[in-house]
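This report concerns only the one structure given below.
Taken together, the values in this text are just the output of simple stated rules run on the coordinates, not laboratory data. This structure is a prediction, so every number in the text was calculated from the model and none was measured. Note that each Cβ is placed from the backbone with ideal geometry, even for glycine, and that neighbours are counted across all protein chains shown.
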C-alpha cells in the first residue's frame, strides 16, 4: 500500500469528525426520535471501518483476520440485543424498571 | 515414519523463536495473537457500553443535561483529532518498518515520510500526540474536579438540577464517563509504554529482521485504542 | 407443617398440580434417556469387551442416525418449551379480582400488611380459594419470596414493585422461605403461610389489636406531611388518579400505576404533569417503604369521590 | 501410520522434559508448556483441596437442621470460599491449563505453544490471583456467594469483596491469555498434513473452549470491577438507592458465567472423546458431528444466560426467548452423548481406569444435562431455582462431569506426563468409590430441591434432615474417592512401573514420542498422513 492512501484516509477521517460534530448541532430528533444518536453512531462506525480496513490492513488481510475482527462484534451484538431484549419489553406494571430513589 | 524436517536442535535461528518453523509463521502467529487480544478488548469495553446504553436509554434527559453541562464537546473533538493524527503516524511508522524489512537498500527516490529512516521520528511524533491527548484529558478531569463532579466524598451538589432530572442520574452519567474514559486513558498509557520500548529498540537498531512484527503489532493496539475513542466521543460528548 | 420426611411437597395452590404434571413429564423423559444411555453403555461395554482373537470392526457414521438423534431431542424440547411457557405466562398475569397484600422485605424479615390493615411479620394468612396478589418490595438487598407448597417464587428487588400471585387450594400451614441469598441471617428469613377458610380468615383479620387499614394510615400521613396543602390547588388533584392516563410536561402520556405513584412521591421531579410547576420536594428518606405503600393505598381509595 | 523414526540416542531418556534440568529456578522460569502444565497441576490441586475443605465443613454443618457447628456468618463465608475456589481457581483452569497445556502442542506436532513466555505469565497471574483471593478469605472472608449479587456485594456485605475481585480479575486475565495461546497455536502451528478434519476431537473442544474464554472472560472481569468501583467510591452503578439497576449486574455476570459452565465441561468432552476412542479401539462415531457440536455449544451457550433470571424481575417475554434458546443448547450435548455411546458399538472395549471415569462421566453428564431441561422449562424453574435442585444439577455437570473427566484424563496421560504407570487396581477401585460417593451425595439433593430446601441455608426445616444426612454420608465416600488417586498417583512417581511410549495402544501424535517427551516434544516435526483415530491401523494391545 502506498503512503498516499494513508493521507487520503486521514483526510476522510477528519472530514467525518467535522461531520459528526456538525450533525450533533442539528436537532434531528424532531424528525424521528433517536435519529441524532443513530447518525452519530453511523459516522463513528464509518470512521471505525476506515481505520480497521486501511490503517489496520484488514482490507488486504486473510479470511482468518476478517473472522476474528468480526467475531468480537458478533458477540458484542449478542450481549446488546439479548440484554435490551429484556429492558425494552418490561411491562410497566408486570416488570417495573428500577426507580432511582433513596430507600434507606 | 514418513519424513522429517530439520533436527530439533537446529531450530534456534536468530530470525525466529524456537517454537516456530520460520519467520513467516512467527509473524502470522503474532498478528493473529494480537487480533485475538483485540477481540477480548472489544468485549471488555463492550460490557461497559452495554451498561451505559441501558442507563442512557432510561435516563436520557439526565444524561443529555449532564453531557451538556459538564463535558466540553470541543475538547473531546480536539482530542479525537489528535488521536486520528496519531493513527496516521502509526500507519506511516508501520509502513516504514515493513519497507525496511523487505527492501533494505531502497532509498534512491527523494525521501518521503514513510521511508525507513523516518521510523524513529514517526514513533516519537505518535508518542507526542498520545501525550497531548492525555494532557487534554487531564485538563478536563481537573475542571471536573473543580466542579465537584468527580466521584468521591463531595460528589456533585444538586441545587441547580432542572425539573424532570434526578441528581442521582447525573451522578450515574459522570460515573460512567470517568470509568469509560479512565479505562481508555489507561490503555493509552500502556500504549505509550509499548511505543517507548519500540522507539528505544528502533533507535538502537536491535530489531533485526523481526522489526516490522513488533511495530505492526503495537500499531494494531494503538489503532484499536483510537477506535474505542471514536465511539466514546459521540456517545459521551455529543448527546442531543 | 409436617415435620416428617416426605417424598413430595404438599400441593396447596392452583399452580401446584400443573407444575407437578410438567415436572412428572420431564422426570419421565429424564428417566427414559438416562436409563437408555446406562443400559446401552453396560450392554455394549460387555458385549464388545476386549477379547483375544476378536478384532474391532470399523463402523461408518450413519448420517440418517445422526439426524434422527438430533431431531428427536429437538422435538421433545419444543414440547417442553410450549408447555412450560404457557404455564409461566399464567403465573405472571394476576386476575383482576385478586386481593392485594403488601409485602416489604428487610434484612431479615418479611413484613406483611393486609387490605384491612392487619399487619404480620414472617407470616402470611390467606383465605382459601381467593386469588391473592402480593405487591412486594425490598428495603436494601434482593430477597426472594418462595412458597414451595404453592410452587411459586419471585425475587423481591429493592427500588421497584414485584408481583407474585396464586390461589390457595388447601387449608394448612406451609413454609415461607427467602430463596435469594441476602446476607448473614438468610436462612433465618423464614416463616409460614397459613391458609384458612374464608370465615376463619375474616375472624383472623378482625382479631384483637387490629391495625388500621393502609388507606387510613395513608390518609393520616397525607395530612401529617401536608400534602393536602398543595394537591388539588397548585398540584394535580389525586381523585380518580389511580389507573388513569396522565399527560406529562414533555408530551408523553403514562398510566398512573403503583410504580408511577411511588416514583412521584420519592422522585417527584422525574415526571412532571403537564401544566404544573416542579414544586414538590422529594420524600425519599422521610418515608419508609410501608408508609409509601400506605400513601398509595390512600390514593387508590380516592376512587369515585369528589375532591 | 504417522510415527517418528527410531533413534537410539532418543531412547536413552537422556533428555526428557523432566530431567533436562533440576532446581526450583529451572521450573519457575521455564517456558516449556509441559513444565507449565505441571506447575498448573500443583496449583490447581492446592486450590481444589482448599475448596474441598470448605465443602467438608458445609456438609458436616448440614447434618443437623439447626445451625450448630458453624455460625451463620462463618457458614456463608465457607460456601463463598468453596464456590470461588472451585469455580475460578479449580474448574475453569483444570483441564485447559493442565491437560490442554501439556497436550495441545504434542497433539499438533508442535514444539511448544505459540507464545511460551505468555504461557508462563498466565501461570503467574493465576497463582498471584489465587494468592490474593485466598488472602482475602483468610483475613476475614467474603460472604457474598461466588455470584456476587448486587447490591449485597457492592454495598451491604462486610467482607473483603474488593480483594477477592482483584484475585478473580487476575485469574480471568490468565484464562484469557491461555485461550489466546491455544487459538493461535491451533491455527498456526499444526504439523504438515494435520488438516482441521484430521485434528483430534480434543483439539476441537479445546479450541471452542478457548474462543469462549477469550470472548466471555473480559465481560465478567469488567462487571466485577464495576462492583468494586461501586463499593469503593459509593457511586450508583448497580445499587437502586444510587440510581443503578441490580438486574443489570445479573445480565452481565451471567453473560460470562453461564458460558463458564461450558468452559468447564467442553474440555471434559475433549478428554472423553480421546479416551472413549482409545479404549473402544474405534474411531469416534460421527467425528464431524462431535467436532461441530463443540463449536455449536460455544456459540449457543452465549445466548442462554437469562435462564438464571426467570424469577429476578426480567421481562416475561425475555424469559421465554432465553428459555427456548436454553433448550437449543441441550441438543449438541445430546448429539455428543449419543455418538460416544455409539463408539462402543463393535469396538474392543477395555474397562481400564480412564475408561471407567469416562463411562461414569457419560452417565452423570446425561443426568446433569437432562435436569438442565427442568431449569429451561420456565414454570418448573420458578419452583426449583435457588433450591438444592440447582445445586445438584450443576454439581452433576461440574463434579460428576468435569472432575470425573479431569481425573480420567490425568490417569490416561499420567504415563505420558510422568513416565510412570498408575496402579490399575487402585485406579479402578477409586473410580467406583467416586461414582458411588458422588451419586449418594448429590442425588438426594434433587429431591431436597423439589421439596423446597433453598440453597445457601445454614439451618433448615426438620423434614429435610434425612436427605441431608444421606448427602453428607455420600460426601465422606466422595472424599475418599478424591484422596485415593491423590495418594496412589504420588506413590506411583517413585514405585510405579516405567511407562512405554504408548501403553494403551492409542492413536494420536502425543503417543508417538517418548514417555515423558523431550523438551521440544518430537525429534523432528512429524508429517501426518492419516485421519484422526486411525485405530484400524493399530494392533489391539492385550495385557
- To the nearest 0.05, the calculated FRET efficiency linking residue B:64 and residue C:68 through their beta-carbon distance, R0 being 45 Å, is 0.20
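Work out the P(r) tail for the stretch B:15-59: percent of alpha carbon pairs separated by more than 16 Å, whole number.
Working: 567 of 990 pairs.
Above the 16 Å cut-off, the stretch B:15-59 has 57 percent of its Cα pairs.
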- Note on the structure: the stretch C:109-195: spread of alpha-carbon positions along the three principal axes, whole Å, largest first, is 34, 23, 21
- Query: Considering only the stretch C:105-251, what is the antiparallel percent among its DSSP beta bridges, to the nearest 5?
  - Reply: 75
- Compactness of the stretch D:8-537 - radius of gyration and Dmax, Cα, Å: 22.6, 74
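In what order do B:226, B:61 fall by count of nearby beta-carbon atoms within 10 Å, going from fewest to most? Let's see the in-between values first.
Values: B:226 29, B:61 16.
With the sparsest Cβ surroundings first, the list reads B:61, B:226.
How large is the helix-only mean residue ellipticity at 222 nm for chain D, computed as the sum of -39500 (n - 2.57) over DSSP H runs with n ≥ 4, divided by its residue count, in deg cm²/dmol to the nearest 500? Don't skip to the end; give the middle numbers.
Numbers: 16 runs with 330 residues, N = 543.
Using -39500 (n - 2.57) per qualifying helix, the result is -21000 deg cm²/dmol.
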- Task: Sort C:142-153, B:174-185, D:238-249 for me by packing, meaning the mean count of neighbouring Cβ atoms within 10 Å per residue, highest on top.
- Result: C:142-153, D:238-249, B:174-185
- Note on the structure: the stretch C:1-111: spread of alpha-carbon positions along the three principal axes, whole Å, largest first, is 76, 37, 28
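Ignoring everything except DSSP H segments at least 4 long, calculate the 222 nm mean residue ellipticity for chain C; use -39,500 (n - 2.57) per segment, divide by total residues, nearest 500.
-11500 deg cm²/dmol
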- Across all Cα atoms of the stretch D:190-339, Rg and the largest Cα-Cα distance (Dmax), in Å, are 19.0, 62
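So, by mean Cβ neighbours within 10 angstrom, what's the order for C:35-45, D:325-335 with the highest one leading? Show your work: numbers first, answer last.
Values: C:35-45: 15.8, D:325-335: 22.5.
Put in order of decreasing packing, that is D:325-335, C:35-45.
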- Item | Cα convex hull of the stretch C:214-301 - mean projected area over all directions, nm² | 5.1
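Report the far tail of the P(r) of the stretch D:211-276, meaning the percent of Cα-Cα pairs longer than 18 Å.
On the way: 1049 of 2145 pairs.
For the stretch D:211-276, the fraction of Cα-Cα distances above 18 Å is 49 percent.
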- Query: If you bin every alpha carbon distance in chain C into 10 Å steps from zero, what whole percent lands in each bin?
  - Reply: 5, 20, 24, 19, 13, 8, 5, 3, 2, 0, 0
- Item | Cβ-based exposure ranking for D:495, B:141, D:149, in which fewest neighbours within 10 Å come first | D:495, B:141, D:149
- Using R₀ = 60 Å, calculate the FRET efficiency as 1/(1 + (r/R₀)^6) where r is the Cβ-Cβ separation of residue D:74 and residue B:189; round to 0.05. 0.90
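Can you give the translational diffusion coefficient of the protein assembly as shown in µm²/s, computed by Stokes-Einstein from the Kirkwood radius over Cα pairs at 20 °C and 1.002 mPa s?
Details: Rh = 32.4 Å.
Answer from the Stokes-Einstein relation: 66 µm²/s.
Just rank B:43, D:484, fewest to most, by other beta-carbon atoms within 10 angstrom.
Numbers: B:43 26, D:484 17.
Lowest count first: D:484, B:43.
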- Quote to one decimal, in nm, the extra length available between residue B:204 and residue B:160 on full extension: 0.36 nm per residue of separation minus the C-alpha distance between them. 10.1 nm
- Where labels lie 7 Å past Cα in the beta-carbon direction, separation of residue A:14 and residue A:26 in nm: 2.3
- Query: In a GNM of chain C with a 10 Å cut-off on Cα contacts, which of C:73, C:17, C:158 has the highest mean-square fluctuation?
  - Reply: C:73
- Message: Report the gain in length on full extension from residue D:64 to residue D:465: 0.36 nm times residue separation, minus Cα-Cα distance, nm rounded to one decimal.
- Response: 143.7 nm
- So what's chain A giving for Cα Rg divided by 2.2 N^0.38 Å, two decimals? 1.53
- Between residue D:124 and residue C:82, what is the spin-label point distance in nm, taking each point 7 Å from the Cα along the Cα→C-beta axis? 5.9
- Residues of the stretch C:186-218 with amide N under 16 Å of a point placed 7 Å along Cα→Cβ from residue C:116: C:194-216
- For D:228-239, what's the mean count of beta carbons from other chains sitting within 10 Å of each residue's beta carbon? 5
- Message: If every alpha-carbon in the stretch C:101-151 counts as one equal scatterer, what log10 I(q)/I(0) does Debye give at q = 0.23, 0.26, 0.29 1/Å?
- Response: -0.95, -1.16, -1.33
- Item | Counting DSSP beta bridges with both ends in the protein assembly as shown, the antiparallel % (nearest 5) | 70
- Task: With springs only between Cα atoms under 10 Å apart, run a GNM on chain C and tell me which of C:124, C:221, C:26 wobbles the most.
- Result: C:26
- Task: Would you mind computing, in nm to one decimal, how far apart the modelled labels at residue C:239 and residue A:4 are, each placed 7 Å from Cα along Cα→Cβ?
- Result: 8.2
- So which residue, out of C:212, C:66, C:180, gets the largest mean-square fluctuation from a GNM of chain C using Cα contacts under 10 Å as springs? C:66
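Stokes-Einstein at 37 °C, 0.692 mPa s, Kirkwood radius from Cα pairs: D for the stretch D:372-496 in µm² s⁻¹?
Details: Rh = 16.0 Å.
Roughly 205 µm²/s, to the nearest whole number.
Sort B:82-89, D:73-80, D:20-27, A:44-51 by the packing proxy (mean of other Cβ within 10 Å over each peptide's residues), most packed first. Could you put the intermediate results ahead of the total?
Details: B:82-89: 24.6, D:73-80: 21.6, D:20-27: 11.0, A:44-51: 18.8.
In descending order of packing, they fall as B:82-89, D:73-80, A:44-51, D:20-27.
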